[in-house]
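Here's the structure we're looking at; comments come further down.
Values in this text are rule-based calculations from the coordinates and carry no lab data. Only a predicted model underlies this, so the values are computations on that prediction, with no experimental measurement involved. So basically every Cβ, Gly included, is an ideal-geometry build from the backbone, and we count neighbours across all protein chains shown.
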Amino acid sequence: MLKFIFLFVVLSCNRETVHPTKGEVVEAVYGLGTIKSENNYDAKAAILSSVKEFYVTEGQEVTKGQKLFLTDQGSIYKAPFSGKITDIPVPVSENLFPQTVILSLVDLNNLYLEVSLEQQGAMKLSKGVKAEISFEFFRNKKIMGSISTIYPKNDQFIARVFVQDWPKGILPGMSADVAFEVARKNNVTLIPVKAIANGHIVIKRNKKKLKVAVQIGLIDQEKAEVVSPELSTEDEVILP
């Protein structure tokens, strides 16, 4: 028993401590977003028919009104908007049942970001909140946007983010990390989030250890604003 007590005291004495600091804290909500297009068009067979001729190929850019294909019924389908052909899943002359997708067209000039959110995060956001967007292949470039709307979708919570200028090469289906700034404060007292356990912190003041309840304000991924008790930069906060 004595050996156990001695070991506990030694470990306790060697615990890492940090001093509270003064600085800025930004609270944010994080989510994973997917690039979507405002305009998507799937040309479908209206009746039992087949394609007699395609005028375009997959990956081809087309303009509004350009001919896409001709059916065996003599119908010519045209592009409802300018975009890129992303899929032609059926061959010429194959019998097609009604509602079979013949060709897909996507508008690459009108994109938005669809972000899936946790319920708690969605409650903190609203229209107009700024979004900082980062792609894995653009790690050193931050793209700014803002929330245009928030809505429920299939038991999920979705934020649609509008971006004024997308970087070259962005395509529908690509994913991005998104941070929404909820609040920002300057010159506040900060401690590491990991120092807080069950609403309490342990501080060392005047060579004495005190366990005190702590009231927290804004929190980022690493730091927390301490509203109370009042802490000095001379205090030592013991990390659990």
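Which net charge results when you count Lys and Arg as +1 and Asp and Glu as -1 among the other residues whose beta-carbon is under 12 Å from that of Ser93?
Values: positive: Lys52; negative: Glu53, Asp72, Glu94.
That works out to -2.
If we count every other residue with Cβ under 15 angstrom of Thr63's Cβ, Lys/Arg +1 and Asp/Glu -1, where does the sum land? Present the calculation step by step, with values, prior to reporting the outcome.
Working: positive: Lys64, Lys67, Lys78, Lys84; negative: Glu61, Asp107.
After counting each charged neighbour, the total is +2.
Quick check for me: using +1 on Lys/Arg Cβ and -1 on Asp/Glu Cβ, what's the dipole size of region 40-106 about its Cα centre, in debye to the nearest 20? Show your work: numbers first, answer last.
Values: 6 positive and 7 negative charges, 51 e Å.
Roughly 240 debye for region 40-106.
Under the 0.36 nm per residue contour assumption, what length would be gained going from the current alpha-carbon distance of Phe97 and Glu118 to full extension?
3.5 nm is the gain from fully extending Phe97 to Glu118.
Per residue of region 91-103, in order, report the coupling 6.51 cos²θ - 1.76 cosθ + 1.60 (Karplus, θ = phi - 60°) as ³J(HN,Hα) in whole Hz, putting x for Gly and Pro.
x, 5, 6, 6, 5, 10, 7, x, 6, 5, 6, 9, 7
Under the rule of at least 5 residues apart or a separate chain, name every residue whose amide H is placed under 5 Å from the amide H of Gly217.
So Gly217 has HN proximity to Glu225, Val226, Val227.
At R0 = 35 Å, how high is the FRET efficiency between Asn187 and Lys142 if r is their beta carbon distance? Nearest 0.05 is fine. Before the final figure, lay out each step's value.
Numbers: r = 25 Å, r/R0 = 0.70.
My answer for the efficiency is 0.90.
Go ahead and run the numbers for FRET between Asp42 and Glu132, Cβ-Cβ distance against an R0 of 30 Å, rounding to 0.05. Could you put the intermediate results ahead of the total?
On the way: r = 33 Å, r/R0 = 1.11.
That pair, Asp42 with Glu132, gives E of 0.35.
Do any GluC sites (Glu not before Pro) in region 146-240 lie in a DSSP loop with no more than 11 other beta carbon atoms within 10 Å, and if so, which?
Working: sites: Glu181, Glu222, Glu225, Glu230, Glu234, Glu236; in loops: Glu222, Glu230, Glu234.
Answer in residue order: Glu222, Glu230, Glu234.
Using just the alpha carbons, could you tell me how many Å³ per residue the convex hull of the chain encloses? Please report the intermediate quantities before stating the final value.
Working: hull volume 49.7 nm³, N = 240.
Expressed per residue, the convex hull around the Cα atoms of the chain is 207 Å³.
Please give the helix 2-13 orientation as an angle from the longest Cα principal axis of the chain, in degrees from 0 to 90, rounded to the nearest 10.
In the chain, helix 2-13 runs at an angle near 70 degrees to the longest axis.
When the gyration tensor of region 40-106 is built from Cα positions, what are the square roots of 5 times its three eigenvalues, in whole Å, from largest to smallest? All intermediate terms of the calculation are to be shown ahead of the outcome.
Details: eigenvalues 68, 25, 22 Å².
Result for region 40-106: semi-axes of 18, 11, 10 Å.
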